Structure formats: structure tokens, C-alpha cells
1. Rounding to the nearest 10 and keeping the result within 0 to 90°, find how far the Cα-based axis of helix 35-54 lies from the longest principal axis of the chain.
2. Can you compute 3J(HN,Hα) from phi for each residue in region 66-83, using the Karplus curve 6.51 cos²θ - 1.76 cosθ + 1.60 with θ = phi - 60°, rounded to whole Hz and x for Gly and Pro?
3. Determine the share of the chain's accessible area contributed by carbon and sulfur atoms, expressed in whole percent, with a 1.4 angstrom probe.
4. Given Cα pairs under 8 Å that are at least 6 residues apart, what percent is the relative contact order of the chain?
5. If you filter region 58-131 for trypsin sites (Lys or Arg not before Pro), then keep DSSP loop positions with at most 13 other Cβ within 10 Å, what is left?
6. Keeping every protein chain present and rolling a 1.4 Å probe, give me the accessible area per residue for region 16-136 in Å².
7. With the Cα gyration tensor of region 28-136 giving a ≥ b ≥ c as the square roots of its eigenvalues, does the rule (a/c under 1.5 for rounded; else a/b larger than b/c for prolate; else oblate) give rounded, prolate or oblate?
8. State the antiparallel share, in %, of DSSP beta bridges confined to the chain, rounding to the nearest 5.
Amino acid sequence: MQKLYISPTPTTPEINFSPEENIFIISGTSAPEDVREVYYPVIEWLKKFTDSIIEGSTVRFSPDNPFILKIDLEYFNSSSAKFLYDIFFELRRFNPAGIPFSVHWYYDEDDIDMKEAGYDISLLVETEFVYIPKIS
């Protein structure tokens, strides 16, 4: 499957989904004027990717090598939160197929609101996240 890379701007995150390198990360700031323009291609790519994983036609993940999505956002607005939810919800398709996955939610150790935002989203998508504080 082809890599998906979207360069960051002052209001949009860097998105690097590289199956060959086993890198899946969204980082930076997510407050785009047109959130659909940013996230629709990501969700479409992710749907194709999850299909290919579930069908077994691409990289296999295992308990020793789980799929890990890293979220390292300094800020995201409410419109972005809805699309992050959609991304996490798509990943839940791995559960019935027995494909291990994890969401690593990075947050500045002084920014408890960002940690709580991750916790709230994890409750909504019924998926446990791993919370990783970044030392300031």
C-alpha cells in the first residue's frame, strides 16, 4: 500500500502513514479552515488500508508488532476532534479480525486538558489509549 504523507502547515498537522516503515503518526496543530479537505483523504486511505490488513493482502501485525497510531498534537479544534474520532472508529475494525492495535496519545506533561481530551475520545470509541507525557 502506498504511503500517505501530508505536510504540516501552521493550522494543519503532519500526517505520515507509511506501512513499509510501520510509521503511523499525526502531529502538530489541527485547526484547519476546511477540516474535510484535510481529513477526508486520510479516512479514505485508512479505510483502504484496514481493508487490506483484514483481507491479509498487506503487512500483518502481531502481538509482538502491533499497529500503533501515534497522536502527538499540540492543539486540535472541535472539528478536528470529530475526524479523529472517525479515524479511531475505523481502527476498531481490527478488533473482530484479531489484529492488535494501539493508540499512543502524546501530551505535554503540563497540559492535562490534552490528556483528558484523549481520554474522552477513547471513551467515545471504546478503545483504550496509551498516554505518553512529553517532558517540557
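The values are calculated or read from the model by the stated rules, or taken from the named source; none is laboratory data. The model shown is predicted, which means the values in this text are computed figures rather than measured ones. All Cβ positions, glycine included, derive from the backbone under ideal geometry; neighbour counts span all protein chains shown. Only protein heavy atoms, including side chains, enter the accessible area calculation; ligands, DNA and RNA are left aside. Shrake-Rupley method; radii C 1.70, N 1.55, O 1.52, S 1.80 Å.
1. So the helix axis and the longest Cα principal axis differ by about 30 degrees.
2. Those phi angles translate into x, 6, 10, 9, 9, 10, 10, 9, 7, 7, 9, 8, 5, 5, 5, 4, 4, 6 Hz.
3. On the way: 3730 of 7450 Å².
Roughly 50 percent of what the probe reaches on the chain is carbon or sulfur.
4. 21
5. Answer in residue order: ARG60.
6. On the way: 6470 Å² over 121 residues.
Ligands and nucleic acids excluded, the figure is 53 Å² per residue.
7. Details: a/c = 2.12, a/b = 1.36, b/c = 1.56.
Oblate.
8. Antiparallel bridges make up about 35 percent of those DSSP assigns within the chain.
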